[in-house]
Each structure stands twice: as structure tokens, then as C-alpha cells.
1. State all residues of segment B:130-148 that are out of contact with any Gly (no Cβ under 9 Å at 6 or more places or on another chain), in a helix (DSSP H, G or I) and touching a residue at least 24 places away in the same chain (Cβ under 8 Å); if no residue qualifies, say none.
2. I'm told B:Val63 meets every condition in (1) open to solvent by 30 Å² or more (accessible area, probe 1.4 Å); (2) over 19 Å from A:Asp29 (Cα atoms); (3) free of Cβ contacts under 8 Å to residues at least 60 places away in the same chain except one. Can you identify the failing condition by its number?
3. When you look at B:Ala68, is it more than 14 Å from chain A (Cβ to nearest Cβ), touching a residue at least 24 places away in the same chain (Cβ under 8 Å), in a helix (DSSP H, G or I) and among the hydrophobic types (A, V, I, L, M, F, W, C), yes or no?
4. Hey, can you tell me all the residues within segment B:100-140 that are modelled with pLDDT of 90 or more, within 11 Å of chain A (Cβ to nearest Cβ) and open to solvent by 50 Å² or more (accessible area, probe 1.4 Å)?
5. Scanning segment B:141-167 for residues that are within 14 Å of chain A (Cβ to nearest Cβ) and loosely packed, with under 14 Cβ neighbours inside 10 Å, which turns out modelled with the lowest pLDDT?
6. Looking at B:Ala48, B:Ala32, which is the one that is in contact with a helix residue (DSSP H, G or I) (Cβ under 7 Å, 6 or more places away or on another chain), open to solvent by less than 50 Å² (accessible area, probe 1.4 Å), in a loop (DSSP other than H, G, I, E, B) and within 13 Å of chain A (Cβ to nearest Cβ)?
7. Kindly provide the set of residues from segment A:1-32 that are exposed (fewer than 14 other Cβ atoms within 10 Å of the Cβ), in a helix (DSSP H, G or I) and more than 7 Å from every other protein chain (Cβ to nearest Cβ), ordered by number.
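The values are calculated or read from the model by the stated rules, or taken from the named source; none is laboratory data. Worth saying up front: this structure is predicted, and the values here are computed from it rather than measured. Neighbour counts run over all protein chains shown; Cβ positions are idealised from the backbone, glycine included. When the accessible area is computed, the model is the full protein with side chains, heavy atoms only, and any ligands, DNA or RNA have been set aside. Shrake-Rupley method; radii C 1.70, N 1.55, O 1.52, S 1.80 Å.
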Amino acid sequence: MGLAGDEKRIRALFFELKAQDQLVVPAFDRLRSYAHVSRQERASAFSRSLVVVSVCVAISILCALTMWLRNSVDQTPRPHSAVLSTTPNVVSVGIDKPSEVASGPAKRNQTTRSFHRPASHRRAQTGGGAIMLRAVALSQWQSPTAGFLGSPSDSFLKSLPQLDQSARELESFLPRNHVKESSQ
Amino acid sequence: MDIAEIKAELEKLHPASFGWALSCCRHNHAEAEEVLQTVYLKILERKAIYREESKLKTWLFAVIRNTAISERRKAVLRSLMHAGAISRITSVTCDRETDAQLERSELQKRFQVALEILPARQRETLHLVFYQDLSLREAAEVMNVSIGSARRHYERGKKRLREALNGEDVEYGFSWRRKENSGALL
């Protein structure tokens, strides 16, 4: 069964419309080239923007790294290998600040200073107040075993008896064995 | 399907694609060219990928249709609302008359005016079936509707066109559209 009359008429009209449209169809290559050029332009624009963004990111990373390194250099302690090369200069720091020298044995303090002062020496060269405070703290350091060098009778050993004192008072200075021999 | 094969197929379907783009853009040649160029760009940039789930022609026509709809929405957002379909149709008819050949029949003129007045779905269905020689199933795939909806649009569109071609007043189409699609863009 063929198409109805209306459908035939509509189909014929559409066929005529199609024939008219075919006369004004743009060339496929022209449209495709426009599309291709647009794509290339977009790709180049994208690559340019990508380069700019990459450069900005790299610069920001470098700046952040520089800031971080600067902060970490100020806070990290100096290694011991730098001590020996700076020891003569370290002593001069102690001389320049006599009030800050510790009251302990000078030899020990000098040694401790030589081990613990190079950082303070460098910082003194740079002129920081915190550095001097650290130097003072280090110079006041004492060995934890210093107490073993003392005894309860230090006060007796270090003091002398007076001539106007009685024998009994003098006996207090003597050990017990000596007192027994004298009594016999 | 690689790019070279797709390009070859696109070239084969180019006249039909342009005809479909014209229908989607209400026979505005400049818009149809721009839509088709955008579609080719999408396909070249692999933004629209043919997955061979349907015929290439139905897939391509669906891409053209969707692109035309999005371009039209962008144009509406960019500019002020137009006065309505009347001015557009009159401008289309005027363009047609200026570009028309000398031997164009009066019936063809009435046919084109009646076609422009039809609702979009009905116009698209008739175009796909009669102009592009697709089946109703394929037309439903292009428009992304069910086969039943496509058949409904097809029957109603034929009826409207028949009434228009048989001498029914064209103004009927306007009032009908305004009643049934009061919120639709004309």
C-alpha cells in the first residue's frame, strides 16, 4: 500500500525544500578548516596560558623555598666540626665579656666554652643579643658530677682552728683514733 | 572509529547535516553554519565521541540538535527577548522571498511558513522522516524521545501541515501555540 495522499504531498514539498537547501550548502572543507583553525588557536592560547601559569607557580615555589631556608638557617645549631677552626676567636668573646664568665674552674669552663661557643662566636660576629645570652648560659654550665668532688667535711677542711680555743674544741678537729691514743 | 574515518563520513553526510542544522536553526543560514562548525570542532577535539552505539547519522544529528539548542539558549541569554515568532517568521519569509528562485510555488511558500509555525518536536519529526528519510525509530533516537512520543509528534505534525496546506488560516497556528505553549519561546 503506498503512502497516503497527504504524505506524498508533504514528502514532495520536503523534497523541493531539500533541493533548494542543497544550493546553499557551504563547502565542507571551508567549515572544517574554520574549525581546525579555531582548534589551533585555542590550543596555542591554551599552551601560552599553561606556560604563564607554570612560570608563576615555579616563581612562587622558589620564593617559598627561599623564605623557608632563611628561617631554618636562623634556627638550626652549628655543627661541631666548625668548633676547632673558630676556637681562638671564641676565647676573645669570653674576654670581651668578663662579667658573663662562670664561677667554676676556669679550665673546665674554657673547655666547655670551646665546645659550645662556636655558634655563639658566629652570632657575636653578627651582633645578636640572643647570641650573647646563649654564651652566658653555656659558660655557666657545670658538670653533673661536680657534686662528687665535694664532701660534708669541706667546711672543716677548709677552715683553720683559732689559738684561743680550748682543747675540747681543738679535739673536734681531730679524728677519733688520734683522740684515743692521746688519752692512753 | 579513528578521526580519518569520521572525517570521511562527515563529508559524506555534510549536505544532510546542513539541511538538519537549517531546520534546527529555523532556516537561519548563518546560525546553521555556526552550529555545524561548532559540531565539527567538538568532534575534532573529541569532546563528542562516537561510540558506535547507533548509526553515525543519528548520532551526528543528535549532536547537531543539542548544539543548536545550546547555541540558541546562549543567544537568548546574550540578547533581549525578541518580539516573538511573528517577527521571526516574517523575517524568514522575507529572506526566503529575497533569496527565492523565480519559479517557487505559492504552495511551497505556504508550506515553509506552516512548517515554521509548527511546534519544535513536530517540525523536527517531520523533517527527519520526510527530509532526511529516517525511520520513526531513528528520529526518536535523534530527538531522544520514546518511539511512542515520536509517533505522536509525527501524526500531529502531519495533521497541522495538512490543515495549513488545505487553506486553514495561518493565524490559527499562533493562537494554538500560545494556548498550549504559553511559556514556550516562540
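1. Passing the criteria: B:Glu138, B:Glu141, B:Val142, B:Met143.
2. (1)
3. Judged against the criteria, B:Ala68 is a match.
4. B:Asp133
5. Ranking the qualifying residues of segment B:141-167, first place goes to B:Gly167.
6. When all the criteria are applied, what remains is B:Ala48.
7. Correct list: A:Gly5, A:Lys8, A:Phe15, A:Ala19, A:Asp29, A:Arg30.
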